[in-house]
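Let me begin by presenting the structure, written as structure tokens, before commenting on it.
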Amino acid sequence: KAEALAGSKITDPDAKPAAEMTFGEAWDAYIDWADTSGKTIRAMRTIRSYGPYFAGIWGMKIAKTDIATLNKWRADTTKEGRRTHASTSKAVSALRTALTRASIDGPWQKMKAGVKRTASATAKALSEEEAETFLAKADAVNPAFRRFLRVLYLTGARTSEIAQAKVSEFAGTTLFIAQSKTGSRVVTLTPAARAYITIITQGAQGVEFDA
């Protein structure tokens, strides 16, 4: 199993010629080094968690594994939703770090950390017509939720920002966001956003936007 492979240790990785070293041996050597490098327990837990990702190439020789094989391994690692593209990219980046430290040249140097997404996996922006259709369906289920969605759509703000925003922070042409990912900020509203927020906030000063 991948976990068993990831947890195994070679006796002396430095005794083997670089040309004969496998990905698993290089990773184990990297783990041994990281353990004594002063990294935090949390950091080591994260690094060790990448070990199982390398099961498909664990016993392959680094210098002799071509880029096509590596790309297939990377694709197989993320297919069928077993792992996310982001986590695989982090694992690949960690592997590159380990191989760079091992000073072993090979086709792996052409491997990029990023994982290409297929067109179907890429988020698409809704057209105005599609957005209206979606909002109409939401209205039939929950009018308050529809108002929340429409404010998100018209302002482009984050969900958490609108969820915490208060009507009293609406100033006609702007919306003050007190708690944002990067601190407070001011959102300049489009005419459509101003018109809609004015309608739903009339007589409701001081209360939160519907969520």
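Tabulated results
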| read-out | value |
| --- | --- |
| Gain on full stretching of the segment that runs from I199 to T159 - 0.36 nm per residue minus C-alpha separation | 12.4 nm |
| Accessible-area value, R147, 1.4 Å probe, nucleic acids and ligands omitted, Å² | 80 |
| Largest to smallest accessible area among K72, K181 [probe 1.4 Å] | K181, K72 |
| Accessible area, probe 1.4 Å, largest first, for residues W33, W73 | W33, W73 |
| Accessible-area ranking of T97, T182, T65, largest first, probe 1.4 Å | T182, T97, T65 |
| Linear extension gain, S93 paired with T182, 0.36 nm per residue minus alpha-carbon span | 29.4 nm |
| In order through segment 53-66: 3J(HN,Hα) via Karplus (6.51 cos²θ - 1.76 cosθ + 1.60), integer Hz, x for Gly, Pro | 4, 8, 4, x, 10, 3, x, 7, 6, 4, 5, 10, 8, 6 |
| Solvent-accessible surface (1.4 angstrom probe) belonging to T36, in square angstrom, nearest 10 | 120 |
| Theoretical FRET efficiency, 1/(1+(r/R0)^6), r = Cβ-Cβ of T100 and A68, R0 25 Å, to 0.05 | 0.75 |
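The values are calculated or read from the model by the stated rules, or taken from the named source; none is laboratory data. Predicted model, so just to flag it, every value in this text is computed and none were measured. Using ideal geometry, Cβ is built from the backbone for each residue, glycine included, and neighbour counts are taken over all protein chains shown. SASA here: full protein model, heavy atoms, side chains in, ligands and nucleic acids out. Shrake-Rupley method; radii C 1.70, N 1.55, O 1.52, S 1.80 Å.
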